[in-house]
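Asker: Submitted below is the structure of interest, expressed as structure tokens.
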Amino acid sequence: MADRETEIIAKITSGVAGLNARAWDRLAVGDPFLSHAFLSALEDSGSVGPGTGWTPAPILVEDDAGHLVAAAPAYLKTHSQGEYVFDHGWAEAWAQAGGEYYPKLQVAVPFTPVPGPRLLGSRPQQLLTAIEAVTVQNVMSSAHITFIDQGGVAECERRGWLIRDGIQYHWFNRDYSSFDDFLATLTSRKRKALRRERAAACEGLTFRSLRGSEIGPAEWDAMWAFYQDTGSRKWGQPYLTREFFDLVGRRMGNAALLFLAYRGSTPIAGALNFVGLDALYGRYWGCSEEVPFLHFELCYYQAVDWACRHGLACVQAGAQGEHKVARGYEPVITRSAHFIPNRGFRDAVAAFLEAEREGVSAEVEWLRRDLPYRSSTSE
């Protein structure tokens, strides 16, 4: 399709893996999850693609010389798994009205509830035009852009897309150079509680942080086993294949950071993180032995400690988890954008989102009152 006013050409391709990595990464602006390495690892490992319900369909915008100027990581979805913005109720309502909700168009990083840009490059309005056209021309129920940044939200609002609010918990580094600096900002009761938790989690264990090439086949084997156990319990079947972890190790270099807990010489738990330009992202965790507070130690405290020592501005430890508030992680609003062509269905969803948004706002206000800091240093 073409936008006649600007001589811009938009098209859909069958995946990111076949695209020029340098051209794609120029648009991804250093986000590890939007990188060609990460998205192509999902495709090449079979974590997305045939049989997964995630069919890669990235939408590209090129100028008249054929140069890539904008892109969106898009997928045709036949279910609503692995998105972390739940629309199962919408699907049921659409089906009860006699419609087919799936396939839908999803602009997202699969299995990754990390906020960031989704309309990459310099032509967001052309990308949105293309997304809308694909949805309407293929008689799909809807298009969704999940965990979109505020700039993308503004672009979507210009076109009348519906905006949905959610909550995550992020830790912010306020010029701390060590974990003790962070502890010093907490109330005495919370500070003592965190120290007790860390002492209980660390008793009899040793910990290692491994980055990039320091992570060898044995460590990836261990992390895969931990991830598989957690995924089986959470989702019934893990989303990512074993090959994905190998590809991440080979392709993403120092963006991969692994925390491991050992009993003797045997790893019993692990947490895989990704290092961004100014943030540490906690993604996958698992264990082979239940130890009190070990999840908090590996996923929250080790991450905060590492971020302090390396000068990162924040830690994002994934979706959900009100228990993070007591450990210094603050509630933040995340957003998604939704295009629904059917007017009646759109109006019903809009009414739902308005009520939901009021509830989210009230919950954030309530959660912020429970932050463990000695004084209100929250942003």
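The values are calculated or read from the model by the stated rules, or taken from the named source; none is laboratory data. Since this is a predicted model, take the numbers as computed values, not measurements. Cβ coordinates were reconstructed from backbone atoms using ideal geometry, including for glycine residues, and neighbour counts include every protein chain displayed. Protein only, heavy atoms only, side chains kept; ligands, DNA and RNA dropped before computing areas. Shrake-Rupley method; radii C 1.70, N 1.55, O 1.52, S 1.80 Å.
Asker: I'm checking my understanding of the structure. Among residues of region 333-376 that are of a type in the set (Ser, Thr, Tyr) and under 24 Å from the mean Cα position of the chain (by Cα), which one is nearest to HIS170 (Cα to Cα)? Steps first, answer last, please.
Answerer: Taking region 333-376 first, the residues of a type in the set (Ser, Thr, Tyr) are 334, 336, 361, 373, 375-376.
Add one more test, that the residue is under 24 Å from the mean Cα position of the chain (by Cα), and what stays is 334, 336, 361.
Working: THR334: 11, SER336: 18, SER361: 16 Å.
Once the filter is applied, the top-ranked residue is THR334.
Asker: What are the pairs, 6+ residues apart or on separate chains, where a residue within region 17-33 that is more than 18 Å from ALA255 (Cα to Cα) has its Cβ under 9 Å from a residue that is loosely packed, with under 15 Cβ neighbours inside 10 Å?
Answerer: ALA23/HIS67
Asker: Answer with yes or no whether THR112 is among the polar types (S, T, N, Q) and touching a Ser or Thr at 6+ places or on another chain (Cβ under 9 Å).
Answerer: no
Asker: Take region 267-301 and flag every residue that is touching a strand residue (DSSP E or B) at 6+ places or on another chain (Cβ under 9 Å), in contact (Cβ under 8 Å) with a residue 60 or more places away in the chain, open to solvent by 30 Å² or more (accessible area, probe 1.4 Å) and more than 18 Å from THR112 (Cβ to Cβ).
Answerer: SER288
Asker: If you don't mind, there's one more thing I want to ask. Go through region 302-352 and report how many residues are among the charged types (D, E, K, R), open to solvent by 20 Å² or more (accessible area, probe 1.4 Å) and out of contact with any Pro (no Cβ under 9 Å at 6 or more places or on another chain).
Answerer: So the answer is 5.
Asker: Quick check on ALA200: is it in contact (Cβ under 8 Å) with a residue 40 or more places away in the chain, over 24 Å from VAL304 (Cα atoms) and surrounded by fewer than 17 Cβ atoms within 10 Å (Cβ to Cβ)?
Answerer: It is false that ALA200 is in contact (Cβ under 8 Å) with a residue 40 or more places away in the chain, over 24 Å from VAL304 (Cα atoms) and surrounded by fewer than 17 Cβ atoms within 10 Å (Cβ to Cβ).
Asker: How about region 90-203: which strands (runs of 3 or more DSSP E) wholly inside it have at least 3 residues that are of a type in the set (A, V, I, L, M), farther than 30 Å from GLY46 by Cβ and under 25 Å from the mean Cα position of the chain (by Cα)?
Answerer: Details: elements: 104-107, 143-145, 162-172.
Hits in region 90-203: 162-172.
Every residue, every condition in (1) aliphatic (A, V, I, L, M); (2) in contact with a His (Cβ under 6 Å, 6 or more places away or on another chain), yes or no:
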| residue | (1), (2) |
| --- | --- |
| SER14 | no, no |
| ALA21 | yes, yes |
| SER35 | no, no |
| LEU39 | yes, no |
| GLU43 | no, no |
| GLY49 | no, no |
| GLY53 | no, yes |
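Asker: Six or more apart or on different chains, Cβ atoms under 7 Å: show the pairs whose first residue is in region 37-62 and under 11 Å from PHE244 (Cβ atoms) and whose second is part of a helix (DSSP H, G or I) and among the basic types (Lys, Arg).
Answerer: ALA41/ARG251
This table checks each residue for (1) aromatic (Phe, Trp, Tyr); (2) touching an Asp or Glu at 6+ places or on another chain (Cβ under 7 Å); (3) open to solvent by 40 Å² or more (accessible area, probe 1.4 Å); (4) on the phi > 0 side of the Ramachandran plot.
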{"position": "GLY18", "(1), (2), (3), (4)": "no, no, yes, no"}
{"position": "TRP24", "(1), (2), (3), (4)": "yes, no, no, no"}
{"position": "LEU34", "(1), (2), (3), (4)": "no, no, no, no"}
{"position": "LEU42", "(1), (2), (3), (4)": "no, no, no, no"}
{"position": "SER45", "(1), (2), (3), (4)": "no, yes, no, no"}
{"position": "PHE86", "(1), (2), (3), (4)": "yes, no, yes, no"}
{"position": "GLU92", "(1), (2), (3), (4)": "no, no, yes, no"}
{"position": "ALA95", "(1), (2), (3), (4)": "no, no, yes, no"}
{"position": "PRO117", "(1), (2), (3), (4)": "no, yes, no, no"}
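Asker: Criterion first (within 20 Å of TRP161 (Cα to Cα) and free of Cβ contacts under 8 Å to residues at least 24 places away in the same chain) does HIS88 satisfy it?
Answerer: yes
Asker: Being of a type in the set (Val, Ile, Thr), in a loop (DSSP other than H, G, I, E, B) and within 21 Å of THR135 (Cβ to Cβ): is that true of VAL85 here? Full working, then the answer.
Answerer: Values: of a type in the set (Val, Ile, Thr): yes; in a loop (DSSP other than H, G, I, E, B): yes; within 21 Å of THR135 (Cβ to Cβ): yes.
Criteria met by VAL85.
Asker: Right, something else. Is it true that some residue in region 247-256 is open to solvent by 20 Å² or more (accessible area, probe 1.4 Å), closer than 25 Å to ASP305 by Cβ and out of contact with any Phe, Trp or Tyr (no Cβ under 7 Å at 6 or more places or on another chain)?
Answerer: Yes.
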